[in-house]
1. Return the tail of the calculated pair distribution for region 607-672, meaning the percent of Cα-Cα pairs more than 21 Å apart.
2. Mean residue ellipticity at 222 nm from the helices of the chain, using -39,500 (n - 2.57) per DSSP H segment of n ≥ 4 over the full residue count, to the nearest 500 deg cm²/dmol?
3. With θ set to phi - 60° and the Karplus curve 6.51 cos²θ - 1.76 cosθ + 1.60, what are the ³J(HN,Hα) couplings of region 172-181 in order, to the nearest whole Hz, using x for Gly and Pro?
4. Would you list, by chain and number, the lysines whose Cα falls below 27 Å from the Cα of Lys794, excluding same-chain residues fewer than 8 positions away?
5. Ranked highest first by the average count of other Cβ atoms within 10 Å around their residues, in what order do 463-473, 775-785 fall?
6. Using amide H atoms built 1.01 Å from N in the peptide plane, name the residues 5+ places from Val483, or on other chains, whose amide H lies under 5 Å from its own.
7. How much of the DSSP bridge set in the chain is antiparallel, in percent, rounded to the nearest 5?
8. How would you order 810-823, 512-525 from highest to lowest mean count of nearby Cβ atoms within 10 Å?
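The numbers here are math on the coordinates, done by the rules we state, and not lab data. Keep in mind that what you see is a predicted model, and the values were worked out from it rather than measured. Virtual Cβ from ideal backbone geometry, glycine too; neighbours counted across all protein chains shown.
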Amino acid sequence: PKECFRKDYKPPPYVIDTVHLTFLLNEDVTRVESRLHILPKQTDEQRPPLFLNGRSDVKLVALKVNGEVAPEDAYEVNSSGLTLKSPPAGEFDLEVHTECQPQNNTSLEGLYRSGGNFCTQCEAEGFRGITFFQDRPDVMATYTTRIEADKSKYPVLLSNGNLVGSGELDGGRHFTVWEDPFRKPCYLFALVAGDLAMKEDTFKTCSGRDVALRIFTRAHDSGRVDFAMQSLKRSMKWDEEVFGLEYDLDLFNIVAVDDFNMGAMENKSLNIFNSRLVLATPDTATDGDFARIEGVVGHEYFHNYTGNRVTCRDWFQLTLKEGLTVYRDQEFSADMNSRPVKRVEDVSRLRAAQFSEDNGPMAHPIRPESYIKMDNFYTLTVYEKGAEVVRMYEAVLGKEGFRKGMDLYFQRHDGQAVTCDDFLAAMADANGEDLSALGKWYSQAGTPRLTVTTDYNPSDKTYKLRFQQATDATPGQPEKAAVLIPVRLGLLAKDGSEIPLKLQGGADLGTETVLRVTEADQEFVFQDVPEAPVPSLLRGFSAPVRMTVEGQTDEDLLHLLAHDTDSFNRWEAGHVLAKKLMLVLYSAAKDSNEGTLEQRLAAAGGVKASLVGAYRSLLTDSRVDGTFKAYAISLPEMSELIDKIPGADPTLLHEVREFMTRELAQQLRSELEAAIKENDCVPGEAYEFSAAACARRALKNKALGYLSALGEPEVTEQLLRRLKEATNMTDEISALAALDRAGARLGGTASGVEARTAAMDGYYSKWEKEPLVILKWLALQAGSNVPGNVAAVKRLMSHPAFNINNPNNCYSLFLGFARSPVNFHAADGSGYEFLGDAVLAVDKINHQVASRIVGAFTTFKQYDAERQSMMRAQLQRILDTQGLSENVFEIASKSLK
Ligand code: B3K
Ligand code: ZN
């Protein structure tokens, strides 16, 4: 397979100025006629051949240059595209007629069918599955699209831009014509044809224009789009208010499809969504689903400026649009709901998943240097770490400075395909700052470690903070430079008050400031510090680093937990406390074989009173929001600890976590029960997706989760009752998950297992007609820690509810399974074998989905020697398979390097 390098970038040799597409959609063969108006960039003497990308399943049926059929020796077609050997002098028209078979396209890239309808997915390089084209984002053209299809089967025919024509054709067919006035790269092209229901609303923009908003779904689902519609309107308003960005067309469409490789796609004015991110009613969607819908609807809408109007010059720049747009959707969600909760969620995700990516064989900078398949680089690093890098601009420049930079970015680059350097330059120039030190975050992979040493000098009342940073080597990057780390901080006095900050010889800084740490080893000295403070460092997680504060005691952490004005750091204090304890207990469990695990952990001191006390004070703190409480009493995810435990035994770590959960449940029983009572549903109360209502459900369900870990029959009974009586999906699925957990706890004993089985069966018969609701059921069973569950998961593959062609099904079942520390990591290797089989089976159908599943093996270096070798063996077996896709090849081969 061919690797593509960032350093090899060359501008395209030809400009494609306008594109006229005609789609003749049919059940068997679909014809696409494309007419391109092409402008040369070089002088006529130097003009090179014109290469157009095209997938091998696109069949060329005619080629015309300036209206004349091209002789056969004028061009060449191979499996990657078409070369026009000597294009005519000057401007010219090229007509390319092709045929394809969307009904056989299981890759779900290019033009394909889902649920009897036609739809497209072109990012990153899917347009070449539709027609021959310079398929790269720096070719920006205006598009006119004509669609013809059978009218009764496909009454709705959509593409980008404005509808400029429609009418009837012979043979029961009809057509529409769409014109998109904005130049765009081909990855933003979209087409939808089908029998779809539509819900409509309008949005009045800040300048008074009415925009028609339409959401298309299957008829059966049309009652479930209200929340997505409201989210869209809120996004449009927010972007006007916060960034001064007004929507630019009179129409905005969203289409929900069931078969979709990712979450959603920001095609110009025709967003296509995975139906799970559009459809929601209280009985079928959880609070988490509602929040994700709001966030993703916002995300795709915000791409209209950050991505579409200003796009990427090449795919290495992906974070230019994705990091920035994730930052924007995070801010949007923070403004719509609880800002502290949102930050805790985002940072948890980053640390639980992106940090391991950055620490593993696939580590890459947010702007990668090379790829074999671009689809493999839609990663947490490019997206989430990319958003953290954008957030660091904000930390350094302040909100206003950041906005100035955004304004200049749009002013300079509207309508262009640009680079991350252009973004940095706009931010720097708008603020008259040199931001080159931030630039290293684009080229350097790996998570920096920041070690902080503190020193208080009572005689001269100075307080010294020393910061040392280092980044571990990552594949291909043995040497690392120091990066700019903005450290937002405050200093707390013994009484919990905040100490005014003043750097030696500097101005008063108030009680919070952002230090710019740029050196490998750097000191800052504060003066007039009346007493030894407890520092609150990296507030709001102001940089994506792993920080260690030397000499930080449990008392310091408890002090922060009680008094910090920064809610993120209050949460963090409890989290660090829990992590420390979990590591101690894990070592105790690992190092001795005497007695049962329970006995060994108890002998090591069990769950310390300080943690119990911390959680108790949080649980009973009336100032704290319930969702925040729920997070504050959540034990760290295993993946967050695993980097601290070389050669970890994931099953044992899970058992330690479950032990801690049980201990906490026992010791906090009365507080947990009180929380359940106080936050329980009031009979007859209608579901509401509001921060307050979500907070009540979050805390109640967290508390129930704790109790379920005890595996007591009374709790099981309560959960069964709750499952039956639940009036919304949040409570229903929480009860089911808790029953599963209790079942796993009870292992062999009949009651827990029976209750679990009965609950799962009941849920299935209630929801079998709702595929999105069944996804949750698949994921829960697949990810269950009931010992020996592999066989049951295998059986699920032949359950009528499971369809291996559907990405959502694969993600629920296979990625759900990979999350089980007990069964994926089963000591006999059966879990690895099962997932290896899954990769190979799915790769025959859909390379992108297979590639995501094989990703579960890439963390193998974190585990003990036996598991490492079994995981490697699966990767090797996959690599040795004939006919493997480039997607899976890239992940598997890079993992084994
Ligand atoms: N831009 C798309 C992702 C496309 C992924 C292609 N394999 C969704 C988003 O980030 O908004
Ligand atoms: Zn995006």
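1. On the way: 680 of 2145 pairs.
Counting every Cα pair in region 607-672, those more than 21 Å apart make up 32 percent.
2. Values: 27 runs with 347 residues, N = 897.
Helices in the chain give a 222 nm mean residue ellipticity of -12000 deg cm²/dmol.
3. Listing the rounded values in order: x, 9, 8, 8, 9, 10, 10, 10, 9, x Hz.
4. Partners found: Lys766, Lys769, Lys776, Lys844, Lys861.
5. Details: 463-473: 18.5, 775-785: 22.9.
The most tightly packed comes first, giving 775-785, 463-473.
6. Excluding prolines and chain starts, which carry no amide H, there are no hits.
7. Details: 101 of 126 bridges.
Roughly 80 percent of the beta bridges in the chain run antiparallel, per DSSP.
8. Values: 810-823: 23.4, 512-525: 16.6.
Peptide ranking by packing, descending: 810-823, 512-525.
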